[in-house]
Amino acid sequence: MARPNRWLRFIWVGVLVLSGAVSWPGVLRGAVAGGQRPGGGSSPADTKTQSAGGPLEVIQVQPNFYMVAGAGGNVAVQTGPDGSLIVDTGNSRSAETLIATIRSITNRPIRYIINTGFDPDHVGGNERLSAAGLPIGGAGGGGGGGVRGMIERNPGAPIIASEVVLLRMGREGSDTAFPGPAWPTETFTDTKDLYFDREAIQVFHEPMAHADGDAIVFFRRSDVLVVGDLVDTRAFPSINLSKGGSVQGLIAALNHIIDLAVPPIPFAWQEGGTQIVPGHGRLFEEADVVEYRDMVTIVRDVVQSLIGKGMTFDQIKAARPALGYERRYGATEGAATADMFVEAVYQSLLKERK
């Protein structure tokens, strides 16, 4: 059954206001108290610091969970008695300011780093943040063996990522190559489980989605999902076909996020529930992902139908299969445009037909 979309939330709130059950000031106060300003903004506890690449903004998602924006990709910070766990490390030029920002959140050491992919705006700070951290037990990545031993670096916070991320970052001469100290030191192929800061954490590899190294991180007690570049509610998806991305894998990953996320009960159209931290842009919730998944699926189905009619790519492009979504997702500077997205869907579907 399709989930109610965001417009139903507005209709429901309007009914409550007209009936006198709630007032607009009360609605607005409730939005701010819940850590979200009306329209998806940030909470009153937000702070900003300046980095080489621009200001960093700290948004408190849960009592022990923060999102740091402005370091390239969004960075998630979980804190607790064991230390801090970081998801993604932004770009390299913001690394020092990011470290200072994390230390302003907690005085406990960085104990783990998890990467949701291999793009430079998500792994650029790996080397510096790992070196600034401390491994639990005094030896990162399993002591002197494994990748940590091979690259002969001093123990720091272990870096966890899918095995594909290590292969991409270690491929000399490629545009995804990084020096050894930035590589993941612990890898997995399907899932990875951790228990840290009194919280169960699950990491899932999402193969052939935005690219072939994507992962999502589920903090079960905090009820937060960190999803990297799988969702950007400001823009059409960027499907990197040359790095193993596909439209079918992206839809499968979005469905997995929807399966893991839980809306507030009893009214699924209310704000709240599982908080989702994207690789770029604002915080959002399950309903936002449902709308995004539906958009990708509809464009996929239209392109597939036009391919079935024997139309060329130029003819499909002229038909503008993403027209109904261009104003919403096509205006972000530097993001995938409608034509780029349609072409990626077209090429992905053709590849699957071979």
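Here, each number is a calculation from the coordinates, and none is a lab measurement. Computed from a prediction, not measured in an experiment: that's the story for all the values here. Using ideal geometry, Cβ is built from the backbone for each residue, glycine included, and neighbour counts are taken over all protein chains shown.
Below, the figures for the structure above:
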{"quantity": "Neighbour-count ranking [beta-carbon atoms within 10 angstrom, fewest first] of Phe118, Phe284", "calculated": "Phe284, Phe118"}
{"quantity": "Kirkwood Rh, Cα atoms: Rg over Rh of the stretch 155-225", "calculated": "1.01"}
{"quantity": "For the stretch 216-227, Karplus couplings with θ = phi - 60° (6.51, -1.76, 1.60), whole Hz, Gly/Pro x", "calculated": "10, 10, 10, 8, 6, 6, 6, 6, 10, 10, 10, 10"}
{"quantity": "Mean separation of Cα contacts under 8 Å (6+ apart) over length of the stretch 198-295, as relative contact order %", "calculated": "27 percent"}
{"quantity": "Counted charge near Ile276, where neighbours are those whose Cβ lies closer than 11 Å (Asp, Glu -1; Lys, Arg +1)", "calculated": "-3"}
{"quantity": "At 1.567 mPa s and 4 °C, Stokes diffusion of the stretch 294-348 via Kirkwood alpha-carbon radius, µm² per second", "calculated": "115 µm²/s"}
{"quantity": "Cβ-defined net charge surrounding Glu96, 15 Å radius [Lys, Arg +1; Asp, Glu -1]", "calculated": "+2"}
{"quantity": "Order by protection proxy (mean Cβ within 10 Å, highest first), peptides 212-218, 254-260, 164-170", "calculated": "212-218, 164-170, 254-260"}
